[in-house]
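Trainee: Below are the C-alpha cells for one structure; questions will follow.
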Amino acid sequence: NMGKTINTANNEYFPGASIDKQTFFFTKLINRQEDLYQAVWDSASSNWAQAKGMGANVNSNANEGTVSTTIDGKYIFFTKCNDPKGVGACDIYFSRVRNGVWSKPFIIKPPLNSPKWESQPCISADGQTLYFTSNRQPSYGGMDIFKSEFKDGSFQAPVNLGPSINTKGNEQAPFIHVDGRTLYFTSDEHPGLGNNDIFISRLEADTWSTPQNLGYPINTHNNEQGIVVDRTGGLSYYTSDREGGFGGLDLYTFKLPDEFKPVATSYVKGLVTDIKTRDKLASDVDLINLKTGKTVVSLKTVKGEGNFLIALPGKQDYLLNVNNQSYLFYSDNFSLKTNTSSEPYFLDIRLRKPDAGETVVLKNIFFDTDKFDLKSNSKIELDRFVALLKRFPNLKIEIGGHTDSDG
C-alpha cells in the first residue's frame, strides 16, 4: 500500500508517473466528485510527499480522471466527464505546464473524441500514439481499447486494437510502456481471478500477442485495474480494493516478475544553448535508429527553454542529431544493443556558430577494424554534414581523424 500521503478512506485510483519517478498522479473520488491529484518524491524521507489537488485550471465541477504524461513532463492527457462543452459524456483533454502551473485544458477535437464515451488515455513515449478506452464503433463488446495516431498536427481517426486484445466484455485502462511494444490493460472477460484483472500483451511484427494474466498475488478475487510500470520494469503501481487498505480503492506498488517485465528503457535529457551567450535555443532534435535509418523521434525545442527528453528503448543503437539553421550541428550516439544499463543520459549541448576555428565532432562515422571503407550507417550523419555544407556554401573545412588503439 502506498500509504497515508497517497491513500485515504476515499477512493484513489488510476495511477500515473513521470519517467524520472519524481511526480506521481492519480484520481480521487470524494462525494461522487472526481479530481486529479499529484505528489512529488521527497528524497529526505524516501517517500511521496502529501498529495495535493492539481489546481483550479485542471480540476473543475466536472469529473476529471486518469492522467498520462508525455515523457518530457510538459503535457498531460486526461479524461473530463459531464462537461457542458464536451463532445460526449466523457472526453479526452490535454494541458501544458509552464513555470509549474498547468494550463486550462484543451479538448481534443473529433475524430478522436465522439458523442460516445472516450476515457483513460495513455500517450506513447514518442508522443505519436494515444491509447484510450471507448464504447464507440467498431466494437467487440462493452468497452474496447483504441489507438489514434498523431499526424499533420492532429490526432487521426481511432483504430480498434482488434480481437486479440478486445473481447465481448470490457477492456479498459491501457498503459503502453515507454519501450513502445508492451501493453498492460484491465479486462473482466479474459480468463482471470476476479472481476477485473491486469493483463499483458506484446507487439510482435505489428500483431498483439495473446494476453497473459499477471497472476496471483498481483491479481486476486478483488478488483485490480489501472497499472503503470516504470521505465526499467522494476516497479509498478496499480489500483486494488483488497483487504487491509485505507478504504475503498487504494493505490499499491509491487515488483513485476521477470516474465512480465517490458524492455528496460533509458532516456536522454538535454539542454541546447549558444556556447557563448548561453541563450536557450530552438532546435530540431532527431533520434534515428542506426540499423534501420528510420527516424524514431523528431521534435523541436522551444526558444527560451531549449530542453528535451527522449526515451531510448534498449537493445538498439541510436544516432542523435541537434540542428539549428544558424549553427553547426551536434551529433551523438547511444549504443544500447550490447549495453544492458538503463541509466539515463544528460547532455549539455552548446551549439557553435560557423566561425573560424570552430569544430564539430562527428560521432557516427563507422569503420570495421583494419578497413577504410565507410560502413553504411555512416551515411546518415554524412547526409546531415552535406546539408550543413550546402547551408553555408562559403564554409571552408578541414577534416581530421585518427585511428583507435586497435589501429
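The values are calculated or read from the model by the stated rules, or taken from the named source; none is laboratory data. Nothing here was measured: the structure is a model prediction, and the numbers come from that model. For neighbour counting, all protein chains shown are included, and Cβ atoms are generated from backbone atoms with ideal geometry for every residue, glycine included. Areas reflect the complete protein model, heavy atoms only, side chains present, ligands, DNA and RNA absent. Shrake-Rupley method; radii C 1.70, N 1.55, O 1.52, S 1.80 Å.
Trainee: Filter region 203-231 for residues that are among the acidic types (Asp, Glu) and within 24 Å of residue 24 (Cα to Cα) and give the result.
Mentor: 224, 230, listed by residue number.
Trainee: Only one residue in 363, 353 is out of contact with any His (no Cβ under 9 Å at 6 or more places or on another chain), touching a residue at least 12 places away in the same chain (Cβ under 8 Å) and either among the polar types (S, T, N, Q) or closer than 23 Å to residue 293 by Cα (or both). Which one?
Mentor: 363
Trainee: The conditions are (1) of a type in the set (D, E, K, R); (2) closer than 27 Å to residue 196 by Cα; (3) open to solvent by 20 Å² or more (accessible area, probe 1.4 Å), and residue 42 fails exactly one of them. Which is it?
Mentor: Only one criterion is unmet by residue 42, namely (2).
Trainee: Continuing with the same structure: Mind listing whichever residues of region 95-112 are within 21 Å of the chain's Cα centre (by Cα) and open to solvent by less than 60 Å² (accessible area, probe 1.4 Å)?
Mentor: 95, 96, 97, 102, 103, 105, 107, 108, 112
Trainee: Among all residue pairs at least 6 apart or on different chains, which show Cβ distances below 9 Å where the first residue, located in region 124-135, is closer than 16 Å to residue 93 by Cβ and the second is part of a loop (DSSP other than H, G, I, E, B) and of a type in the set (Lys, Arg)?
Mentor: Listed by first residue and then by second, the contacts come to 134/116.
Trainee: Determine the pairs where a residue that is closer than 20 Å to residue 79 by Cβ, located within region 37-60, has a partner that is among the aliphatic types (A, V, I, L, M) and surrounded by fewer than 15 Cβ atoms within 10 Å (Cβ to Cβ) with Cβ atoms under 8 Å apart, the partner being 6 or more residues away or on another chain.
Mentor: 55/101; 57/101
Trainee: Residues being exposed (fewer than 12 other Cβ atoms within 10 Å of the Cβ), under 23 Å from residue 278 (Cα atoms) and over 23 Å from the mean Cα position of the chain (by Cα): count how many of those fall in region 327-357.
Mentor: Number satisfying all stated conditions: 3.
Trainee: Could you tell me whether residue 179 is under 15 Å from the mean Cα position of the chain (by Cα), under 28 Å from residue 231 (Cα atoms) and acidic (Asp, Glu)?
Mentor: yes
Trainee: If you don't mind, another one. Can you report the number of residues in region 285-299 which are modelled with pLDDT under 95, in contact with a strand residue (DSSP E or B) (Cβ under 6 Å, 6 or more places away or on another chain) and not β-branched (Val, Ile, Thr)?
Mentor: 4
Trainee: Just checking, does region 288-311 include any residue being closer than 15 Å to residue 388 by Cβ and outside any loop (DSSP other than H, G, I, E, B)?
Mentor: no
Trainee: Are any of the residues in region 263-284 farther than 30 Å from residue 196 by Cβ, open to solvent by less than 10 Å² (accessible area, probe 1.4 Å), assigned to a loop (DSSP other than H, G, I, E, B) and at pLDDT 95 or above?
Mentor: So far as region 263-284 goes, yes, one or more of its residues are farther than 30 Å from residue 196 by Cβ, open to solvent by less than 10 Å² (accessible area, probe 1.4 Å), assigned to a loop (DSSP other than H, G, I, E, B) and at pLDDT 95 or above.
Trainee: Please tell me if residue 36 is crowded, with 21+ Cβ neighbours inside 10 Å and either of a type in the set (D, E, K, R) or part of a strand (DSSP E or B) (or both).
Mentor: yes
Trainee: Taking the residues in region 246-262 that are in contact with a Gly (Cβ under 7 Å, 6 or more places away or on another chain) and of a type in the set (D, E, K, R) as candidates, determine which candidate is farthest from residue 233 (Cα to Cα).
Mentor: Within region 246-262, the match that is farthest from residue 233 (Cα to Cα) is 255.
Trainee: Which ones in region 285-297 are open to solvent by less than 50 Å² (accessible area, probe 1.4 Å) and either in contact with a Cys (Cβ under 6 Å, 6 or more places away or on another chain) or among the hydrophobic types (A, V, I, L, M, F, W, C) (or both)?
Mentor: Taking region 285-297 first, the residues open to solvent by less than 50 Å² (accessible area, probe 1.4 Å) are 285-290, 293, 297.
Listed by number, the residues that qualify are 285, 287, 288, 290, 297.
Trainee: Looking at residue 90 and the list (1) modelled with pLDDT under 95; (2) touching a strand residue (DSSP E or B) at 6+ places or on another chain (Cβ under 7 Å), which single condition is not satisfied?
Mentor: (1)
Trainee: Another question, if that's okay. Test residue 342 against the stated conditions and say whether it is closer than 19 Å to residue 270 by Cα, among the small types (Gly, Ala, Ser) and in contact (Cβ under 8 Å) with a residue 40 or more places away in the chain.
Mentor: Answer is yes for this residue.
Trainee: Further question on the same structure: Determine if region 54-67 includes at least one residue that is open to solvent by 20 Å² or more (accessible area, probe 1.4 Å), at pLDDT 95 or above and acidic (Asp, Glu).
Mentor: no
Trainee: Also, quick follow-up: How many residues does region 346-360 contain that are part of a loop (DSSP other than H, G, I, E, B) and charged (D, E, K, R)?
Mentor: 4
Trainee: Now a separate question. May I ask you to verify whether residue 322 is β-branched (Val, Ile, Thr), crowded, with 18+ Cβ neighbours inside 10 Å and under 19 Å from residue 71 (Cβ atoms)?
Mentor: So residue 322 passes the test.
Trainee: In contact with a strand residue (DSSP E or B) (Cβ under 7 Å, 6 or more places away or on another chain), polar (S, T, N, Q) and more than 25 Å from residue 230 (Cα to Cα): which single residue out of 103, 18, 119 fits that description?
Mentor: Sole residue among the options that is in contact with a strand residue (DSSP E or B) (Cβ under 7 Å, 6 or more places away or on another chain), polar (S, T, N, Q) and more than 25 Å from residue 230 (Cα to Cα): 103.
Trainee: Considering only residues that are closer than 24 Å to residue 305 by Cβ, touching a Gly at 6+ places or on another chain (Cβ under 7 Å) and not in a strand (DSSP E or B), which ones fall in region 82-117?
Mentor: None - no residue of region 82-117 is closer than 24 Å to residue 305 by Cβ, touching a Gly at 6+ places or on another chain (Cβ under 7 Å) and not in a strand (DSSP E or B), so the list stays empty.
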